[in-house]
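The next block holds one structure in the form of structure tokens; read it before the comments.
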Amino acid sequence: MNPAVDLAHLILQVIATVTLLVPSLFLTGLALATLGPSARRATGQHPWRLAILVAAHDEENSLGATLDAISAAADDQIAVHVVADNCVDATAAIAATAGACVHRRDDSSRKGKAAALNWLAARTLSEDLSAEAFVIVDADTHIEPGFFAALRERLSSGAQVVQAANLVRVSPAPLSRLRDLAFHLRCELRPRAFERLGVSAGLHGNGMCFRRTVLERYAWNERSVGEDVELHMRLVADGIRVRFAPVAVIRSTMPERFDGAAGQALRWERGKIDLVLAGVRLIVGGIVGRRLAPIVIGYDATIPPLSFLFAVSLGVALAGAAIGDAELAVIAAASVTGCVAYVARGLRLARVGPRSLVRMALWAIPYIAWKTMIVSQALAGAGRGSWAQARPVLTLVTPARGPEPDS
């Protein structure tokens, strides 16, 4: 036996356990936490006065449909405010025609969604004094029936901040189906699990609802690429729990080709990487303060993207088998198994049928390769760009959403 070789194997096994197996087990645990019947919801609620905040940057092609959907679901206790942010198209005119309160912002020195939302929030807080809570809705999304009622129910039960289920408007395009699954994993499975565990559900950029007292205290970090995750970390550090409203469904428009999705995906992954150190600090604060929520949320911010985790785990498993390191191969194979279990629960939540599953499986390899490339570019420093928007190219459909699964 060669002591140097044995030591190298041991080091590789420890690294694989910490970077691959533990994150995979964490995801598996979240999947298991979503099993079982959902808690019964209260029926009574206060008729909260809501202000809907829509940040729009050159969204003339999608804003009208978004405002129509809001109008169809709204009541006389809901007011819509749109900021036409550095627009050169007809965004402002479309918002005015739809009956929204339009705010024009022209400030080339402060670009991006965070700056637009901070400016709009400040204006609305001072002008709409009757608003009790504020809902953030992207300009290219569709809200489903019951959206506002579900947010109000959470507010009435004591929530200070609520996150809706931010999902995808799917199309037959394979990339759309895969992105839909990714959103079910990130924006439905994880929040459901965190809600069951009694920790903060997270903020996902779209479908966020803040009580007035919270929005008066907090603003988005305009220098951050992942401004919503960064804001969530601050809330958790201050002891504020975001509650999840799974029946408040809002669907985002996603690109349907790899080239159209690359810019947005790169920006998202860059934002996650930038917040890894913040996640570590949150973990340390949770340990020192003996609080579970900062530890869980901080660790969630440090684990790698699923596609990257799966690809690396599979590669290490094969490499371990090739070099004769059975322990390393088993550790990595266990990580792959955990990823598969996590995805299987997401497929159940997304209600993916056999035919769609086959098509998704055929596209899984190029999708994982694409995401791995995106993550690699983000690790190399790319992704700090301007406000990235989704640009679909095919007809979109919103699938009917049946009763929530209990298991």
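Quick notes on this structure:
- Residue check for T28: of a type in the set (V, I, T) and out of contact with any helix residue (DSSP H, G or I) (no Cβ under 6 Å at 6 or more places or on another chain): no
- Any chance P174 is crowded, with 22+ Cβ neighbours inside 10 Å and within 21 Å of R348 (Cβ to Cβ): no
- Unique match (being touching a residue at least 12 places away in the same chain (Cβ under 8 Å), over 20 Å from the mean Cα position of the chain (by Cα) and closer than 29 Å to V236 by Cβ) among S356, S335: S335
- Of all residues in region 216-228, exactly one satisfies the criterion of being part of a helix (DSSP H, G or I), more than 26 Å from E144 (Cα to Cα) and in contact with a helix residue (DSSP H, G or I) (Cβ under 8 Å, 6 or more places away or on another chain), namely E216.
- Some residue of region 255-267 being modelled with pLDDT under 95, closer than 30 Å to R123 by Cα and under 16 Å from the mean Cα position of the chain (by Cα): yes
- Residues satisfying the criterion are absent from region 295-307 (criterion: surrounded by 15 or more Cβ atoms within 10 Å (Cβ to Cβ), over 24 Å from the mean Cα position of the chain (by Cα) and either touching a residue at least 40 places away in the same chain (Cβ under 8 Å) or not in a helix (DSSP H, G or I) (or both)).
- Among the criteria (1) part of a loop (DSSP other than H, G, I, E, B); (2) over 17 Å from the mean Cα position of the chain (by Cα); (3) over 16 Å from N118 (Cβ atoms); (4) at pLDDT 95 or above, the one T213 does not fulfil is (1).
- Selection status of G279, touching a residue at least 60 places away in the same chain (Cβ under 8 Å) and either out of contact with any His (no Cβ under 6 Å at 6 or more places or on another chain) or basic (K, R) (or both): no
- The set of residues in region 341-351 being crowded, with 19+ Cβ neighbours inside 10 Å and among the aliphatic types (A, V, I, L, M) consists of V343, L349, A350.
- When region 49-63 is filtered for residues that are at pLDDT below 95 and surrounded by fewer than 21 Cβ atoms within 10 Å (Cβ to Cβ), the ones remaining, listed by number, are D58, E60, N61.
- Check on G338, modelled with pLDDT of 95 or more, within 26 Å of L35 (Cβ to Cβ) and either touching a helix residue (DSSP H, G or I) at 6+ places or on another chain (Cβ under 9 Å) or surrounded by fewer than 20 Cβ atoms within 10 Å (Cβ to Cβ) (or both): yes
- Residue in region 310-326 that is within 28 Å of R196 (Cα to Cα) and under 20 Å from the mean Cα position of the chain (by Cα) present: yes
The values are calculated or read from the model by the stated rules, or taken from the named source; none is laboratory data. These figures come from a predicted structure and were not determined experimentally. Counting neighbours? That spans all protein chains shown, and the Cβs are built from the backbone with ideal geometry, glycine included.
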